[in-house]
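Read the structure below first, then the notes.
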Amino acid sequence: MQLKWIKKVFSDGRHNAFTGLTLFKGHYLLAFRNAEKHGSESSKQVIMTSPDGEQWRVLQETVLSESIVAPHALPPGTPMDYRDSYFLNVGDELKLYSFFVPPMRRNEDERMAPPGTLLMTSRDGVNWSEPVMVCAGAILWKPIFWQGRFWCAGYRREPGVGYVIRMYESDDGKTWLQGSVIAGGSECMLTPAGANTLRAFVRTEKKPCHMEIWESQTPFTTWERLAVIPKIIQAPHLVTLNGNQYLFGRETPSYQDEAQAMKPPSSLRRCKIWKVVETVVGEVLELPSSGDTSYVGTAIRPDGLLLVSYYSQHEAKDPDPQHDDPNNKPSDIFVAAIQL
């Protein structure tokens, strides 16, 4: 892989994050969350469009908390943190998933209420439906369409246990059935690994927080841990290109001192790409990035270039350089073009 060019496509001095990218019916779509900080109770979802992946304009902005048309899992007026944008192209329809997380209770390691996943749909990529609640109680992470059905790993924080990832499946991408427990962890992407096999790339939340690979066969009632990747990789995104599989994510350096739990500077975080061979990953490219970064989307141009959307703070002006707190600092949206 070789980085051909990179463009900053959105920057307004706020925290822009959690991107999704796709090519649908001849034009590119980029979605992300715009807020004042990483964890925000006041945000909007921005959708941009481009004819070539290089020149972008804002198509629409949606305040999700004011637009949900399905019954809500929380009392009206409850503040919520809306995040992420996952496009899923199913041919004649484009699905855009996002989710909300209620704020943390003060001084408690649990949230006020369960999270939920939202869905918007479009037939042309221009006109979008209102967001509908499709999964109350879990965050669905990057649904896929495989073997004629929709599949996804969903996670939530369970009291007394911590983060737990479960299997979800659906006939239509709207009504989801909860299945088996995959593993402990949060962000988890499923990927096919054979005619009857799925693999799960898991972001773990317990030290040393190294990524794990789990596998299951039809009917996906039990999962086996295949490997531990000795890296902290967050926001997993998997793509198969020219017969090779690649993992995208944010690499966070391990704690420098386990006993004192000293975190390395956030400036050492990077958005990276790894080639996956069986259960081993090898780094192939590092994108210009630092701080709060990654959460990518991908799309292939007709000329063979791979477009990658992500967010980063490496060019954003730091309003408080004395404090290493990336969650409360601005971040920008980028699109990179990669030659395979």
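Worth a mention:
- Only one of (i) 5; (ii) 14; (iii) 43 was calculated from the structure for percent of Cα pairs over 40 Å apart, and its label is (i).
- Extension reserve of the A195-F145 stretch, reckoned as 0.36 nm per residue once the Cα distance is removed: 16.6 nm
- Most to least packed among 216-224, 162-170 [average Cβ atoms within 10 Å]: 162-170, 216-224
- Difference of contour (0.36 nm per residue) and Cα-Cα distance, V181 to E41: 47.4 nm
- Counting only residues at least eight positions apart within a chain, or on another chain, there are no lysines with an alpha carbon under 16 Å from that of K44.
- Taking the chain as a Gaussian network of alpha-carbon nodes connected by springs under 10 Å, the highest mean-square fluctuation of the residues A227, A35, A136 belongs to A227.
- Whole-angstrom gap from the stretch 288-339 to the stretch 187-218, using each part's C-alpha centre: 25
- FRET efficiency for the pair R301 and V161, taken as 1/(1 + (r/R0)^6) with r the Cβ-Cβ distance and R0 = 45 Å, rounds to 0.55.
- Chain lengthening between D92 and L340 when straightened (0.36 nm per residue, less Cα-Cα): 86.5 nm
- For K37, the lysines whose Cα falls under 21 Å of its own Cα, not counting residues fewer than eight places away in the same chain, are K8, K263, K317, K329.
Values in this text are rule-based calculations from the coordinates and carry no lab data. This is a predicted model, so every value here is computed, not measured. Don't worry about glycine lacking a Cβ; one is built from the backbone with ideal geometry, like all the others, and counts go over all protein chains shown.
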